[in-house]
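Q: This structure is in structure tokens; I'll ask about it shortly.
Nothing in this text is a laboratory measurement; each read-out follows from the coordinates by a stated rule. Since we're looking at a predicted model, the values are computed, not measured. Cβ sites come from the backbone with ideal geometry, for glycine too, and all protein chains shown count toward neighbours.
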Amino acid sequence: MTASLTLVVLMAVLFGAGISIMLERSLTRVLIGFLLVGNAVNILIFLMSGAPGVAPILSDGVHPDDISDPLPQAFVLTAIVINLGITAFMLALIYRSWWLAQLGDTGDVIDDQEELVEDAEETAELIRSSAADDAAARELIDSSDDEEARR
């Protein structure tokens, strides 16, 4: 087996394992399958890039036919970055799914209910104190009106 045939077999195994793992129901297995398929795509792009050559820098004495194509290298780097972004997104989905599973039937309403009760109690206290202030102001006005009427 040559090195390129080894890479072809490795790519095929990664694709097969990744697709079969992605068909599972668990989000963690879907993530692992996605990582395997992403690595297989990177190997595929590497295999399709052609024969290796010298660095893609034109200088004196370098024939353009001897230079390797830099475009597949850029594609692989782009695929790695995209794979990393999607992996981070899927990890966030897995964490959110786990968090909601830990909360049970109530979901994430638990904290909201406590805040609503506290806000309602605070509002009721403000209304009570405002009503008491209004009553005290009315008493003061009425008593001052009574004093003016007596004079």
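Q: Just to check I understand the Karplus step: with θ = phi - 60° and J = 6.51 cos²θ - 1.76 cosθ + 1.60, what whole-Hz values come out for the range 36-46, glycine and proline as x?
A: 5, 5, x, 5, 5, 5, 4, 5, 4, 5, 4
Q: Further question: Grab the other residues whose beta carbon is less than 12 angstrom from that of ILE127, score K and R as +1, D and E as -1, and report the net.
A: Taking every Cβ under 12 Å from that of ILE127, the sum is -4.
Q: While we're here: Amide H to amide H, which residues 5 or more places from GLY53 or on other chains are under 5 Å from it, using H placed in the peptide plane?
A: It is SER68, by chain and number.
Q: Another question about this same structure. HN-Hα J couplings of the range 123-132 from phi, Karplus 6.51/-1.76/1.60, θ = phi - 60°, integer Hz, Gly and Pro as x?
A: Going residue by residue, I get 5, 4, 5, 5, 5, 4, 5, 5, 5, 5 Hz, with x marking Gly and Pro.
Q: Of the residues ALA135, ALA124, ALA74, which exhibits the maximal mean-square fluctuation in a Gaussian network model of the chain defined by a 10 Å Cα contact cut-off?
A: The residue with the greatest mean-square fluctuation here is ALA135.
Q: Please report the net charge: other residues with Cβ closer than 12 Å to the Cβ of ALA51, K and R +1, D and E -1.
A: -3
Q: While we're on this one: What list of ³J(HN,Hα) couplings, whole Hz, do you get for the range 66-82 from phi and the Karplus terms 6.51, -1.76, 1.60, once you set θ to phi - 60° and write x for glycine and proline?
A: Each residue of the range 66-82 in turn: 7, 7, 7, 7, x, 5, x, 5, 5, 4, 5, 4, 5, 5, 5, 5, 5 Hz.
Q: A further question on this structure: Return the distance in nm (one decimal) between the two label points of a simple spin-label model at TRP99 and SER26, each offset 7 Å from Cα along Cα→Cβ.
A: 2.2 nm
Q: To continue, here is another question. If you stretched the chain out fully between ILE19 and ASP146, how much longer would it get, using 0.36 nm times the residue separation minus the C-alpha to C-alpha distance?
A: Using 0.36 nm per residue and subtracting the Cα-Cα distance, I get 36.7 nm.
Q: Nothing charged except the Cβ atoms of Lys and Arg (+1) and of Asp and Glu (-1): what's the magnitude of the dipole of the chain about its Cα centre? Round to the nearest 20 debye.
A: That gives a dipole near 1880 debye.
Q: Find which of SER49, LEU31, THR78 sits farthest along the positive direction of the dipole of the chain, computed with +1 on the beta-carbon of Lys and Arg, -1 on that of Asp and Glu, about the Cα centre.
A: Farthest along the dipole direction, towards plus: SER49.
Q: Considering the alpha-carbon set of the chain alone, what are its Rg and its Dmax in angstrom?
A: For the chain, the Cα-based Rg and Dmax read 35.5, 119 Å.
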